Every structure is written in C-alpha cells, then in structure tokens.
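I have placed the structure first, in the form of structure tokens, so that the comments after it can refer back to it.
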Amino acid sequence: MIRSMTGFGKAFGEYQDKKINVEVRSLNSKQLDLNTRVSGLYRENEHSYRSRVGKAVIRGKSELSIYIENNTELPKAAINVHLAKNYYNDLKSFADSINESKTSLLSQVLRMPDVMKTSHPEIETEEWETVSKTIEKAIVKFNEFRIQEGEKLGNDFKMRLQTMRNLLSEIEGLDADRINKVKVKLNANLDTLKIEIDQNRFEQELIYYLEKYDITEEKVRLRAHCEYFIETMNENDAQGKKLGFIGQEMGREINTIGSKANHSEIQKLVVQMKDELEKIKEQVLNVL
C-alpha cells in the first residue's frame, strides 16, 4: 500500500490547566526536511520529539508544532535588583562624565542582559508523559492521512496503467498489419524497377530490415514494467523513488516503440501512452 508524502495530523492533550496542541504536517520533498516550533516550556526535550517525528515522516518537507492554550498561570517576570542597580550606577556615572541627560536611564537598564528574569515552573513527569502521548496521537492521525491520500494516488495509478495496457493491446493488433504493409511496399518498389533479383538474397535482406522495426521485446518489457509497478505499489516500504525508476524504464520502452513503429496509427497510440506516463510521473513525486 502506497502512502502520500503529503500528510497532516493534529492532537490535543490536557494537563491541569494546560491544553497541549500538537500538529505534524508534511509536503513532498526528495529528503527529510523537518522544522520544529516548540513552546519554550518543552524545549528541553525538543531533540527527542524531533527524532520521533522524523522516523514517522521518513521523507518530505515537514513541521512539528507544539503549543499551549488556556494556560491561566502565566510565567512570572522578576527584576534582578542587584544587577539593575549596578547597571544604573555605571550608566549614571557615564552620563555625568559626558554631561548627558539621565532621564531615560531606567528604561535602558531594564533592557540590559539578565536584568529581567522569567521563571518557569518545573515540568512534572506526568506532564512530559502527556506531551509524549499527544505527539503519538498526532503521528497516528498523520499516518492515517497519508494512507488515505496514498489510496487515492494508487487508484489513479491503476487507472492510468490500465489505459496504457489497453493502448499497448491496440498497438499489438496493428503490429502484424504493419509488418505486412512493409513487405508489400518493398515488393511493389522492386517491381517498379523491372529488374531480376536473387529471391533468396531478397528474403535475407527483408528479414534483416524487418528486425530493425520489430517491437516485440519492447512490448513485452513495457507490459512487465506495468505489472512490476503495481507489485511495487503493494510493498510495505516507502516506494516513491522505486516507482520513479520504474516510470523511467517505461518511458524508454515507449520511446523505442515510437521510434521503430514507422506507422502513423501506432505513433498516435504512443503519444497517448506518453501522456498517461507523464501524469503518472508527476503523481509519483508525491509518493513516500
């Protein structure tokens, strides 16, 4: 079963007066690119949360957000009085030495490093557990979303692959007629020359000539690639890159059929197959 690289999961947890919100989201990208936006209270364990989400995301441009709502007890800010007095006295002495006004010294002191301290309460073990469980819930919903989106992608792939196989069957129906027309055309051209030819040599040259136009191997390989694409879709591991490689091989076989065809109707069918394959390749970029 394939999974989409696009995903979103959101979960809520409650601990005392806090409502903990966790969101995990991702978009398609070649590699894992994870950003985090974590509330200051929980930054201590940010690395652990990042690691857990990264393992779940695997690949994609993603983001983990953890924030708090309805926190009735806001962090308290306190002034480091001793440090503030030292700053004030130093600034006052400096202002006196250059005859500057001292009216704005207080506001400048309050902006100096470490003058204002914000105290955060110690996080209890139960709260850490609540955050951890909430992250797990968000990851579960995130994966469910990816599976749902992957199912839609899978249905689209199957539909387009079936269209390609139907077009290939039409090509197979035209192929025998194409070879006969080439033989008739060559014989007609020789008849217009009105010369004697070695029939055995002609047959040898005709076989060599027709071999250059033979597309049997390409048809067999293309049909096999279509089957392999579906088999790969049903694997449990991330298949996006592998499906991309299979799509490239399918493109090579279709191009070869088109170049060897020398038949207008077959080339029209080849164009339709290319169109379906291009749409498959675009969607494969969204597969995990």
Residue range of the chain that is longest and free of GluC sites (Glu not before Pro) which are both DSSP loop and sparsely packed (at most 13 other C-beta within 10 Å) | 1-72
Rounded to whole Hz, the Karplus (6.51, -1.76, 1.60) HN-Hα couplings of the range 37-52, x for glycine and proline = 10, 10, 4, x, 5, 10, 5, 4, 9, 4, 4, 5, 5, 4, 5, 5
Between residue 200 and residue 259, how many nm apart are label points set 7 Å from Cα along the C-beta direction?
-> 3.5
In order over the range 216-227: 3J(HN,Hα) from phi, Karplus 6.51/-1.76/1.60, θ = phi - 60°, whole Hz, x for each Gly or Pro, gives 4, 4, 5, 5, 5, 5, 5, 5, 5, 4, 4, 5
Could you calculate the FRET efficiency of residue 27 with residue 140 from 1/(1 + (r/R0)^6), where r is the beta carbon distance between them and R0 is 22 Å, rounded to 0.05?
-> 0.65
Provide the per-residue ³J(HN,Hα) series for the range 14-29, in order, calculated from phi with Karplus coefficients 6.51, -1.76, 1.60 and θ = phi - 60°, each as a whole number of Hz, with x at glycine and proline positions.
-> 10, 9, 6, 9, 9, 10, 9, 10, 10, 10, 10, 9, 7, 10, 6, 6
Find me the longest stretch of the chain that has none of the exposed trypsin sites (Lys or Arg not before Pro), where exposed means in a DSSP loop (not H, G, I, E or B) with at most 13 other Cβ atoms within 10 Å.
-> 195-288
Of 55/281; 18/137; 10/242; 181/212; 19/55; 260/281, which ones are farther than 20 Å apart at the Cα?
-> 55/281; 10/242; 19/55; 260/281
Taking the chain as a Gaussian network, Cα atoms linked when under 10 Å apart, which of 131, 115, 53 shows the biggest mean-square fluctuation?
-> 115
Residue with peak Gaussian network fluctuation, the chain [Cα springs, cutoff 10 Å], from 28, 234, 80 = 80
Over the chain, equivalent-ellipsoid semi-axes from the Cα gyration tensor in Å = 74, 24, 12
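A short reminder: the numbers here are calculations on the coordinates, not readings from a lab. Please read all numbers here as calculations on a predicted model, not as lab measurements. Counting neighbours? That spans all protein chains shown, and the Cβs are built from the backbone with ideal geometry, glycine included.
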